[in-house]
Amino acid sequence: MLFGTVVGSLADKRGRKRACVTYCITYILSCITKHSPQYKVLMLGRVLGGIATSLLFSAFESWLVAEHNKRGFDQQWLSITFAKAIFLGNGLMAILSGLFGNVLVDSLKLGPVAPFDAASCFLAIGMIIILSTWTENYGDPSENKDLLTQFKGAAAAIAADEKITLLGAIQSLFEGSMYTFVFLWTPALSPNDEDIPHGFIFATFMLSSMLGSSIASRLLAHPTPRVESYMQTVFMLSSMALLLPVVTNVRIFAHIFSILPKAPRKTNSFKSQQLLVAPSNVKGGSISFSGCIQLIGFCIFEACVGIFWPSIMKMRSQYIPEEARSTIMNFFRIPLNIFVCIALYNVKALPMTVMFGMCSAFLFVASLLQRRLMVIAEIHKSRSQDWLNMEEIDPEGVPLNG
């Protein structure tokens, strides 16, 4: 949030290709720090990793959109590229990388840092490809703009265009819920230390995400339904998916009733107030029936994540101005990072079901904001069409082509 926002925003001014190379170098250094047992060195590695993450989520996409437009390619191709990037990169490569890392650590006995060393090699190969094949592009390369002026310009662009503001809020709400889910799914499926196959479940999540990106590819390949329309359904479905841990667990109601004013109740036990599936209290063992229901919901959520990424990329390419693309995209990550930090800091203070309930509520709000974005986009499209029609009519109301 602190360092990454500044460094990521320099991509618009100093060049997106240069920022992508900086990502490779920064993350290689972050991987190298894993060899040190010193806490200060490891913390430096996390700072470098945070900077690299901001570059990863802004500079590459900004370079692609600018290069795509510069070459005059069909805008529809951009949507297909986004979908394939999520399918192959976030899905297939994530699975293969996990399997490869497992081979390095377990089969070849190279130690727990071996996957980081392998990542450094792949990053170096990627950096060579970038340096040898990419051309440079910029947002606003004017030398008279310092970083503060650039930030002010990006903030003004966000404030002036409600579509950009809504897009930033939607992204922060969804990604905040997604990153919180990353930390919660393991304890949610094994609340009593059940022996669950973490690797298999993670691979299932990645397959679900690949399925979602494949669905997005088909949706984006056609003019209807529009991305602003179907994303409302995606956010609503993801909200319902993350609500399953709440409705399959009665502890949330016990917590709520414990803080309400005491009142006489006819029942002697709270057990009669369970909602759907009572949680298991048996230590160890395999995944419970409640956990199986939650796992289905989590797979649905991951499918929604697979649809989300190429779709949000498509909307960002439509609504964010080119001259400040990286800066605005990093602005969006500020509330996201604040939310995740607060959520993780209080993760032990709040019951897990409360955390999932909050994420579900945020996703529901994202659906409402998406509805608003669709309405505004439709109004803007209608006005643009009216202007085009007016240009085809002379002052006396006679069509110019007639």
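The values are calculated or read from the model by the stated rules, or taken from the named source; none is laboratory data. Here the structure is a predicted model, which is why all the values come from computation and not from measurement. Cβ: placed from backbone, ideal geometry, glycine included. Neighbour counts: every protein chain shown. Surface accessibility is based on the protein's heavy atoms, side chains included, excluding ligands, DNA and RNA. Shrake-Rupley method; radii C 1.70, N 1.55, O 1.52, S 1.80 Å.
The figure for MET43 is an accessible area of roughly 80 square angstrom, using a 1.4 Å probe on the protein chains alone. Working note: Karplus 6.51/-1.76/1.60 with θ = phi - 60° gives the range 196-205 the couplings 10, x, 4, x, 5, 5, 4, 4, 5, 4 Hz, where Gly and Pro are set to x.
For the range 1-142, carbon and sulfur atoms together expose 72% of the accessible surface, with a 1.4 angstrom probe and every protein chain in place. Per residue, the range 1-142 exposes 53 Å² of accessible surface when a 1.4 Å probe is rolled over the protein heavy atoms with every protein chain present. Counting only heavy atoms of the protein chains and using a 1.4 Å probe, GLU162 has close to 80 Å² of accessible surface. Scoring 222-230, 165-173 by mean Cβ neighbours within 10 Å over their residues and listing the highest first yields 165-173, 222-230. Length gained on full extension, VAL6 to LEU110, computed as 0.36 nm times the residue gap minus the Cα-Cα distance: 33.8 nm. Find the lysine pairs in the range 1-142 meeting two conditions, Cα atoms under 30 Å apart and a separation of 8 or more places or different chains, and report how many there are. For the range 1-142, qualifying lysine pairs total 8. Along the range 312-325 the Karplus relation, 6.51 cos²θ - 1.76 cosθ + 1.60 evaluated at θ = phi - 60°, assigns HN-Hα couplings of 5, 5, 4, 5, 5, 5, 7, 10, 8, x, 4, 5, 9, 4 Hz to successive residues, with x for each Gly and Pro. Taking 0.36 nm per residue of sequence separation and removing the Cα-Cα distance, the ALA361/VAL41 pair yields an extension gain of 111.3 nm. When only Cα pairs below 8 angstrom with a gap of at least 6 residues are kept, the range 1-142 shows a relative contact order of 43 percent.
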